[in-house]
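Novice: After the structure tokens below, expect a handful of questions from me.
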Amino acid sequence: MPLKKISSTDSALVETFLKSAGKSLERFRYFNSRPISVLSQHRVTLLYFNENNLPVGYGHLDEENGVTWLGNCVAEKETGKGIGKKIMQGLLNFARENKIQNIRLSVDANNKTAQSLYENFGFKVIEKREAVHFYEWEAKKNPEILISTLALAGLPAEKIIEEAEKNKWNIEFSSGMPYRPDMEEFFLQAKIIRYAHNYFPAPEIPFVLNLASSNVNIRRTSIEHCVKGMKLSYACGARFFSAHSGFCIDPSPAELGNPLEKKAFNDKKTHWNLFIDSVKEILHRTKEIDVRFLIENNVIAKMNMYDGGLNPLLCCNADEINELIHTINDKKLGILLDTGHMKVSANTLGFDAATAVRNIANHIDCIHHSDNNGEFDTNHSLPNDYWFNTFLPEFSFATHVLEVKKINAVEINKQIDLIRENMV
């Protein structure tokens, strides 16, 4: 990935960038009054590298007197290529990961291009002087909200991007997107903020992703798919890649969302250990890239429970989710909470969904939002009294995904407003 986090020991790379930045330094004057050693005081420093592995973009978050300041500069010859946008995404990703509440920046009053960039990322003007404008970003007012491709089901990938650009949406590419041989390349070249989730990009030969499978081929295919998803996420600047928790059985693709065939399986502990081994391998093989791996809680409907109250799915409740986190013990592992899944599983297994959320809150980095009747995961739109509303202010740093079934742009924007309004 061209965007790389550096330390103060990489100061020579920053000096190389400054020497080649040209007239861009007329607007970016940060180092005019600071030694290069100031890098050691930064919360984070990012460099963007071109195809020749030369630094052509720079960004930082620097804390001074209790205020976090953002700096962003692109070399003169590299402007207009979207590099500044990628640096901004990287800096705000870091801010969310590290729960930074407020960020400020200053920009020349006549630099309309930079002002537009910052405003598109949610920065608001807080002070205007004759030569300089000051902007501020607040986490609670700028949650990262994505639209799942489930909401846009039936549209070709090109149309999804077109709708996203028109409505200024970020997109989660998810299960349900059909196979196409160039999908990975298409995803990487898209100009919007996008994430990959679970079964995306769909393989040519369909399978059900199952990291707990006792079928060696299915489990190996699932692991390879997730490693690829992690690398794909890193390449596009996403904070994480997410995948479903494991199953003790291997359903067919057609069974998902429907009654599962009651297949015999080994004891649950065997599949749990396979699941743990799979997650550990994925994290080990991607330890060098700055992307988290999130596991989504499973949904168990009453129709899929086995006799004697046996649940063939893993991580449907808080206890198993916490056990997963504590067993793996890796900071790169987190949880994607699906609120629709939690509502159904709570009804089936007889636990309180709100209590479960509180018990795993510290591990949640992304939330899928949809509603249902508590019996089946139907991905209905969010009602005004959505059961998760009261939790939203606690998750301003999480990524939020609207995962409702096919609705139009007007309805999508109303759903986004509902999430935002309950966040503050």
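The values are calculated or read from the model by the stated rules, or taken from the named source; none is laboratory data. Because the structure is a prediction, the values reported are computed rather than measured. Glycine gets a Cβ as well: all are built from the backbone with ideal geometry, and neighbour counts include every protein chain shown. Just so you know, the surface numbers come from the protein's heavy atoms only, side chains and all, with ligands and any DNA or RNA stripped out. Shrake-Rupley method; radii C 1.70, N 1.55, O 1.52, S 1.80 Å.
Novice: Between the helical axis of 11-20 and the dominant principal axis of the chain, each derived from Cα atoms, what acute angle in degrees is found, rounded to the nearest 10?
Specialist: The two axes meet at around 60 degrees.
Novice: Compute the accessible area per residue over segment 5-84, keeping the other protein chains in place, probe 1.4 Å, unit Å².
Specialist: On a per-residue basis, 53 Å².
Novice: So, one more: Compute the angle between helix 318-328 and the longest alpha-carbon principal axis of the chain, please, reported from 0 to 90 degrees and rounded to the nearest 10.
Specialist: It is inclined by approximately 60 degrees.
Novice: How tilted is helix 268-285 with respect to the longest principal axis of the chain? Cα atoms for both, answer in degrees (0 to 90, nearest 10).
Specialist: So the inclination is approximately 20 degrees.
Novice: Suppose a student asked you for the relative contact order of the chain, using Cα pairs under 8 Å spaced at least 6 residues apart; what percent would you report?
Specialist: Value for the chain: 12 percent.
Novice: Report the Cα centroid-to-centroid distance between segment 301-371 and segment 37-61 in angstrom, as an integer.
Specialist: 39
Novice: Among 159-168, 373-382, what's the highest-first ranking by average C-beta atoms within 10 angstrom per residue?
Specialist: Going by the mean number of other Cβ atoms within 10 Å, highest first, we get 373-382, 159-168.
Novice: While we're here: Taking the Cβ of Phe207 as the centre, find all other residues whose Cβ is under 15 Å away and add up their charges (Lys, Arg: +1; Asp, Glu: -1).
Specialist: -1
Novice: Which entry in (i) 0.99; (ii) 1.06; (iii) 0.96 is this structure's computed Rg/Rh (Cα atoms, Kirkwood Rh)?
Specialist: Identified label for the calculated read-out: (i).
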